[in-house]
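Structure first, then comments.
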C-alpha cells in the first residue's frame, strides 16, 4: 500500500525562481479522475501537486518554481501509479496509456525521456540475467563457464550504457541516479599472491576495499539523492554492514561524513539524526559511546538547529545515564552495604574478572536471567577468577532475602543501597533490569548488556 502525505513538509519549500515546472500529462485510463504528482523523500512518498484530468485523460501539473530534481510518481490509486525522473528540464509532456512506467513517452525533457529508455533497457537486461541464473542451476562445468562469460557480457553492456548516458548528459542527475548503487569490486589480480591465497587476508582486503570505495558513485552531499528511494537504505547499509562494527573504527567515518554534509541543512539534519538513533539502538556492544559523542558534539552544543527542547531533554537524560559506563572506561566505584551489614568496595575486589549485576526480583526478565547467570556463568567460573557484585536495586530486604534463599545465591557479593545515596542507578544506567557489566582486573569495563551466551563466551576466553 502506498501511503501518501499531502502536507508538504517545511523542508520541501523551494526558493522562488523565474523558472517554473509545467508537466502536461495524458493518461487514457484516468479520464475525469484526479491524479497526484508525488515525490520520493527518504523512503516515503509525499504529495507535491494534483490535477483533475479531462475526458481525454489530459491534465497539467504546474508551479511557479522548479521542483527539486529526483524520482517522482504519477499516482491515481494504490494499484495505478508509475515513477519517472525529473531532471533539469521541467516543461514537458508525459503520455502513458497503461500506468506502467515502461510505457511512458516524454517530449520536452531529453533527460526524463532517457530515464524511461534506461529503465526499459534495464528490464530487458534483468530478464536475460534471470534466464542465465536459472540455466546455471543445472549446468555442467563447461556450461557454467560459458554462462559466467555471458554474465560478464551483460555487466559490460550495462557499463557501456552508463558511459553513453554520461556522454549524452554530462553532469546530469540521470547519470548519478542510475549508477548510485554501484560499488566497484576489488580486482584480485592487483593483489600479492600471499593475500590471494589466504582466505582470511583476501576477505579482509575485500572488506577494506568496499569500505573505501562504497561512495564512489554516490555523492552523498548532493541533495537530489534525498528525493529518491535509496539515500536512506544506502546509508543504513554503510553504517550497519560496511563499516567495521566497533566504536573506534566507526566514529572517524561517521564524523567525516557529517563534516562533508554540514553545509547542506537537509542532509545534515537527516544524517545526524540517523547516526544518533542508529548508535543508541545498535546491537553492537559499545556503540552507545558514539551516541554520547554525537549528542554532545552536535545536539547539546547547539549544532542541531532542528532539535526541540523536549528531544534535547531526552538526549541529556540518556547522556547522563550512559557517559560513565562506556566500554573502555574505568567502572565508577561503589561502596555498598552487603546483606550481612558490611560495606564492600567494588574497586577493592581482587579478581581477574568482576561482573556487576543490577536486578530486582519482581522483574520478569530478572526472574529468568539472574538464576541462569548464577548457575551457568558464576558457578562454573567462581574458582577461576570470576567475582559477582550483585546489586539488589529495590529497598525491601525481606523480598531480597526470599529471592536469594530461593536460588541459594549467598556465595556471591550481595549488596544494596537502601536509600539510593550512591547514585548507582545513574552511574550504571539502572533504568532497565537486569543490567550486567563485565570488568577486568583493573576494573575497566570490557562488556555490557550481554546475553548469557555472550557472557559465557567472553568469560571463557578471559579465564581459560
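Here the label points at residue 50 and residue 102, each 7 Å from Cα along the C-beta direction, are separated by 3.2 nm in the simple model. Against the main long axis of the alpha-carbon atoms of the chain, helix 452-463 sits at an angle near 60°. Taking the chain as the reference, fit the longest principal axis to its C-alpha atoms, fit the long axis of helix 110-137 to the helix C-alpha atoms, and give the angle between the two in degrees, 0 to 90, nearest 10. In the chain, helix 110-137 runs at an angle near 60 degrees to the longest axis.
Could you give the angle, 0 to 90 degrees to the nearest 10, between helix 265-280's Cα long axis and the longest principal axis of the Cα atoms of the chain? Between helix and principal axis, roughly 30 degrees. Distance between the 7 Å Cα→Cβ label points at residue 153 and residue 407: 6.6 nm.
When both bridge partners sit in the chain, DSSP labels roughly 70% of those beta bridges antiparallel. Length gained on full extension, residue 203 to residue 335, computed as 0.36 nm times the residue gap minus the Cα-Cα distance: 42.7 nm.
One decimal place: the segment residue 88-residue 368 gains 94.7 nm when fully extended, by the rule 0.36 nm per residue minus the C-alpha distance.
First obtain the Kirkwood hydrodynamic radius of region 64-108 from its Cα pairs, then insert it into the Stokes-Einstein equation at 25 °C and 0.890 mPa s, and state the resulting D in µm² per second as a whole number.
Taking Rh from Cα pairs, D becomes 216 µm²/s.
A convex hull fitted to the Cα coordinates of the chain yields 222 cubic angstrom per residue.
For the chain, the relative contact order works out to 10 percent when only alpha carbon pairs closer than 8 Å and six or more residues apart are counted.
A simple spin-label model places pseudo-atoms 7 Å from Cα toward Cβ; at residue 131 and residue 187 they are separated by 3.1 nm. Taking one quarter of the surface of the convex hull spanned by the alpha-carbon atoms of region 4-115 gives a direction-averaged projected area of 6.6 nm².
Calculate, for residue 266 and residue 160, the FRET efficiency according to 1/(1 + (r/R0)^6) with r their C-beta to C-beta distance and R0 25 Å; round to the nearest 0.05.
0.15
In terms of overall dimensions, the C-alpha atoms belonging to region 335-463 reach 37, 28, 26 Å along their principal axes, ordered largest to smallest.
Per-residue Cβ neighbour counts within 10 Å put 291, 61, 207 in the sequence 207, 61, 291, beginning with the fewest. The packing ranking of peptides 72-83, 335-346, 256-267, highest mean first, is 72-83, 256-267, 335-346, where packing means the average number of other beta carbon atoms within 10 angstrom of each residue.
Note on region 207-221 and region 307-376: Cα centroid distance 39 Å, given to the nearest whole angstrom. Per-residue ellipticity at 222 nm computed for the chain from its helices equals -12000 deg cm²/dmol, with DSSP H segments shorter than 4 residues left out and the rest contributing -39,500 (n - 2.57).
Since every read-out is calculated from the coordinates, none of them should be taken as a lab result. Predicted model only: the values in this text are computed from it and were never measured. Note: ideal-geometry Cβ built from the backbone for every residue, glycine included; neighbour counts use all protein chains shown.
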